[in-house]
Amino acid sequence: METVSPGSAISPDDAWLLLSAVAAHVAETAGVRALILKGPVLSEFGLRSERQSYDLDVLVPRDELSDFLVAMRKAGFHNTDSDDIWHDLASHSVGLASAAFPLSVDAHYDFPGLLGDQAEWFDSLWRDRVFVEVAGVSCSVPSPSDSVILMALHDLRTPVTHRLASDSLRDLASRVSSGSCAATTDEVIASAARLRALGSAGRFLAQLAEGVAAPHLEVPRTRLFLWRVRVALGGRLLGVALERIALTGPRRGVLLLARAVWPSADDIRGALPPNARGTGTLAGYRLMRLVRGVTTGGRKARRQRSADTIRARQGHERGVLRAGERGEAS
Amino acid sequence: MVRQASGLARLERPASVVLLNLPCIEEQQSPYVFEGPSFEIWTRIDGTRTEEHIVDELVEAYGAPREQIAHDVHEFLAELLRLGLIVDDDESDGEGEAAPHID
């Protein structure tokens, strides 16, 4: 008779479902509003065919992020270390990994392409959210029409896989316009207007109906301009970082830059596994970021995600192996 | 009478179940995977069967010696209780309180 013990490897698909339940539970317990993005839910909405997810994306309001991260750390997660200054500046999410799961969690506190006030568009997403039961736990997800806009913006800003993104956009537009998904064209256009994404999602919306994109209705125009610069630069870290600094404002932008160049000991400790937080490690980590920062500004932002996922998977495999070595794996 | 605790995340498959003890996520951060005998016992913990009933059913299903099955079931249930994955309504005053012993 086997004993009750954790440590058995679980598949990435199962991990996604369990991580969604963990994120929803942790957020609710901490009083944080968290929306589960993408993943198998999109297939249920008919927005794409089934495919494997490589991480769990969670969207939380910026001013609730800190509470969410603290609660997730208590649940065994640690920040995935960012490679360098530019990745930090370009990032709109915090990566979290646990040795118990083969996937990482991306806690997003911003969503590029939603051009209005962050608190306003999050409130809109939250107000219109729907509930989906995942692994027996009720999870909040954006409504089907809001999900369409988020999917479209995600594809529009990822030119590193330009052809795939274009195919994905075409497929999404086809599903909406043919009525084969849970969102109608009118609902999607209304969502784009509410979320201030008529301009940024214009290329997608134009595939749904003529004359929809109306960027002049959106304020401020600077955001739309920066979005277009970002896309034109091919998603390179430098462009994304500049967009973020510009949107942050001069004072906070300087603080952001200073923190990226010279992160605090607490920031670094949060990014490192518990067994690698010595003084020498902190100094080495700062130096590594500075050196890497010189060369990676021209790289594309998307690569960070795959590196995080690989690290999370390696951590998971090590965790399973350790449990097995102790004879604990069931 | 024992029953599965509420608040668990669970993925139920035809021959296995994956559980995560969300109410205790700070102490129990890894999922539990029950297959084979542990799955057979888990599926019978439904709030209507006693430990004795579960043993009876497994003896009938597998034809193994009753003493051996009774011992295994008891050990397994005691561990589930300790972890808070099940609740013994006869021994617990309230939801989620794990009793150290079951009959």
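Picking from residues in the stretch B:1-20 that are surrounded by fewer than 21 Cβ atoms within 10 Å (Cβ to Cβ) and assigned to a loop (DSSP other than H, G, I, E, B), the one that is farthest from the other protein chains (Cβ to nearest Cβ) is B:Met1. Only a single item in (1) touching a residue at least 12 places away in the same chain (Cβ under 8 Å); (2) buried (at least 16 other Cβ atoms within 10 Å of the Cβ); (3) farther than 27 Å from A:Val134 by Cα is not met by B:Val59, and it is number (1). Assessment of the stretch A:85-105 against the conditions (modelled with pLDDT under 90 and of a type in the set (Val, Ile, Thr)) yields at least one matching residue.
Quick check on my filter: what residues within the stretch B:29-44 are buried (at least 20 other Cβ atoms within 10 Å of the Cβ) and either over 12 Å from the mean Cα position of the chain (by Cα) or not in a helix (DSSP H, G or I) (or both)? If the condition is that a residue be buried (at least 20 other Cβ atoms within 10 Å of the Cβ) and either over 12 Å from the mean Cα position of the chain (by Cα) or not in a helix (DSSP H, G or I) (or both), then B:Gln29, B:Ser30, B:Pro31, B:Tyr32, B:Val33, B:Phe34 are the ones that fit. With the structure loaded, tell me whether B:Asp93 is away from every other protein chain (no Cβ under 14 Å), modelled with pLDDT under 95 and more than 11 Å from the chain's Cα centre (by Cα) or whether it fails that test. So B:Asp93 fits the description; yes.
The values are calculated or read from the model by the stated rules, or taken from the named source; none is laboratory data. Since the structure is predicted, the reported quantities are computational estimates derived from the model, not experimental observations. No Cβ is skipped: glycine too gets one built from the backbone with ideal geometry, and neighbour counts run over all protein chains shown.
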